[in-house]
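To keep things clear, I will list the structure first and then write my remarks on it.
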Amino acid sequence: MESKFNWGLLSTAKINHALIKPLNASKRTRLLAVASRSQSSADRYAREWKIPRAYGSYEALLADSDIDVVYNSLPNHLHAEWTIKALRAGKHVLCEKPLALSISEVDAMAAAANETGKVLAEAFMYRHHAQTLKVKEIVDSGILGRLQLIKSAFTFTLTREGNFRFVKEMGGGSIWDVGCYPISFSRMIVGEEPIEVFGWQVEGPGGGDESFIGQMRFANGVHAQFDSGFKSPSRSFVEIVGTDAVLKIPNPFKPGIKNELVLLHGGSEKLLKVGGTELYLGEVEDLCDAILFGKPSRVSLQDSRGNIAAILAFIESARRRTPISI
């Protein structure tokens, strides 16, 4: 390559901090611009992070012909609208999870990507990490035997009252924010979509759940259980149970440079060390590969659609207090 892909940040959200480092580290990307709802906010952010261009509106960033890729880190309910606008403005898009809040939104986003010939991917960073690839390799090797159960959790204490993560109309609720990870992880491990889900939730003051407990049943007999929440201590784990062995992943969703898996097999415990790179670099390089070489993203739009369908079924199950078939 003689030049780098120029990236623009669509918002000044806190999650941007995680992507700025890999954008500056990659040999194929350049962080060129940031947009906010006001010029003063954009200017401050650009100065702080040494970003060359600052725009006081999202439309202005999309009008910049030098921008090749947009990172959409807006609140959940704005993902579909501004991703479609970015695609139609001729930009590739990395959209923060969850990709959208309805199946119709996902389909509209996929249609826009297809019509414009631009790449769209959901930013599930853990899916690109070496630890995740190793876990899938171990499961697929058959050493665990026939899969039976996947147990997982992702919780933390959210103290910022008034945060959009509490507001139902903005795509708030722990299942959208962190529950989407164990749902995604379980679906990836099983390699198919659940046929039935059952969910319970504790509703928060903004209408979204502040804790969610769910179960999935797959056609091949595998079951998955998870909980997510904003009012519990920080917890993050996955346990995969087979007929012959158990694999434990202590840090499944935010793995780092040095990681350990625990394999319980034949009455003994074995620690498996797995190296890794900077967590968010994988999704940046994955998008670059898709743009340059037409390589399919590890998180396909069909995969994203399946995750959204499962989340929506869980929410409906909790509302109706009954299992939901997918």
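Of all residues in segment 134-170, which are assigned to a helix (DSSP H, G or I), among the hydrophobic types (A, V, I, L, M, F, W, C) and over 25 Å from residue 237 (Cβ atoms)?
The initial filter retains those residues of segment 134-170 that are assigned to a helix (DSSP H, G or I), namely 134-141, 164-166, 168-170.
The next check asks that each one be among the hydrophobic types (A, V, I, L, M, F, W, C); those that pass are 135, 138-139, 164, 166, 170.
Selection gives 164, 170.
Does residue 187 meet the test of being of a type in the set (D, E, K, R) and surrounded by 19 or more Cβ atoms within 10 Å (Cβ to Cβ)? Don't jump to the end; show me each part of the working.
Working: of a type in the set (D, E, K, R): yes; surrounded by 19 or more Cβ atoms within 10 Å (Cβ to Cβ): yes.
So residue 187 fits the description; yes.
Would a scan of segment 154-163 turn up a residue that is crowded, with 20+ Cβ neighbours inside 10 Å and either polar (S, T, N, Q) or at pLDDT 95 or above (or both)?
The first filter runs over segment 154-163 and keeps only residues crowded, with 20+ Cβ neighbours inside 10 Å, leaving 154-155.
Next, from what is left, pick out any that are either polar (S, T, N, Q) or at pLDDT 95 or above (or both): 154-155.
Taking every residue of segment 154-163 in turn, at least one turns out to be crowded, with 20+ Cβ neighbours inside 10 Å and either polar (S, T, N, Q) or at pLDDT 95 or above (or both).
Restricting to segment 1-31, name every residue that is of a type outside the set (Lys, Arg) and without any contact (Cβ under 8 Å) to a residue 60 or more places away in the chain. Break it down into steps so the answer makes sense when it comes.
Step one: filter segment 1-31 for residues of a type outside the set (Lys, Arg), giving 1-3, 5-13, 15-20, 22-26, 29, 31.
Matches in segment 1-31: 2, 3, 12, 16, 17, 20, 24, 31.
In this structure, does residue 36 turn out to be small (Gly, Ala, Ser), within 21 Å of the chain's Cα centre (by Cα), on the phi < 0 side of the Ramachandran plot and crowded, with 16+ Cβ neighbours inside 10 Å? Walk me through it before giving the result.
Values: small (Gly, Ala, Ser): yes; within 21 Å of the chain's Cα centre (by Cα): no; on the phi < 0 side of the Ramachandran plot: yes; crowded, with 16+ Cβ neighbours inside 10 Å: yes.
Considered against the rule, which asks whether it is small (Gly, Ala, Ser), within 21 Å of the chain's Cα centre (by Cα), on the phi < 0 side of the Ramachandran plot and crowded, with 16+ Cβ neighbours inside 10 Å, residue 36 comes out as no.
For segment 262-298, which positions are touching a residue at least 40 places away in the same chain (Cβ under 8 Å), farther than 20 Å from residue 69 by Cβ, of a type in the set (A, V, I, L, M) and in contact with a Lys or Arg (Cβ under 7 Å, 6 or more places away or on another chain)?
Filtering segment 262-298 down to residues touching a residue at least 40 places away in the same chain (Cβ under 8 Å) leaves 263, 265, 272, 274-288, 290-292, 297-298.
Now narrow it down to the ones that are farther than 20 Å from residue 69 by Cβ: 263, 265, 272, 274-276.
Keeping just the survivors that are of a type in the set (A, V, I, L, M) gives 263, 272, 274.
If the condition is that a residue be touching a residue at least 40 places away in the same chain (Cβ under 8 Å), farther than 20 Å from residue 69 by Cβ, of a type in the set (A, V, I, L, M) and in contact with a Lys or Arg (Cβ under 7 Å, 6 or more places away or on another chain), then 263, 274 are the ones that fit.
Filter segment 218-228 down to residues that are small (Gly, Ala, Ser), on the phi < 0 side of the Ramachandran plot and in contact with a strand residue (DSSP E or B) (Cβ under 8 Å, 6 or more places away or on another chain), then give me how many there are.
Within segment 218-228, residues that are small (Gly, Ala, Ser), on the phi < 0 side of the Ramachandran plot and in contact with a strand residue (DSSP E or B) (Cβ under 8 Å, 6 or more places away or on another chain) number 2.
Starting from residues that are β-branched (Val, Ile, Thr) and more than 21 Å from the chain's Cα centre (by Cα), keep the ones in segment 122-152 and report whichever is nearest to residue 268 (Cα to Cα). Don't jump to the end; show me each part of the working.
Residues of segment 122-152 β-branched (Val, Ile, Thr): 132, 135, 138-139, 143, 150.
Right, trim to more than 21 Å from the chain's Cα centre (by Cα) and you get 138-139, 143.
Working: 138: 17, 139: 18, 143: 14 Å.
For segment 122-152, the residue satisfying everything is 143.
The values are calculated or read from the model by the stated rules, or taken from the named source; none is laboratory data. Bear in mind that the values here come from a model prediction, so they are computed numbers and not experimental data. For neighbour counting, all protein chains shown are included, and Cβ atoms are generated from backbone atoms with ideal geometry for every residue, glycine included.
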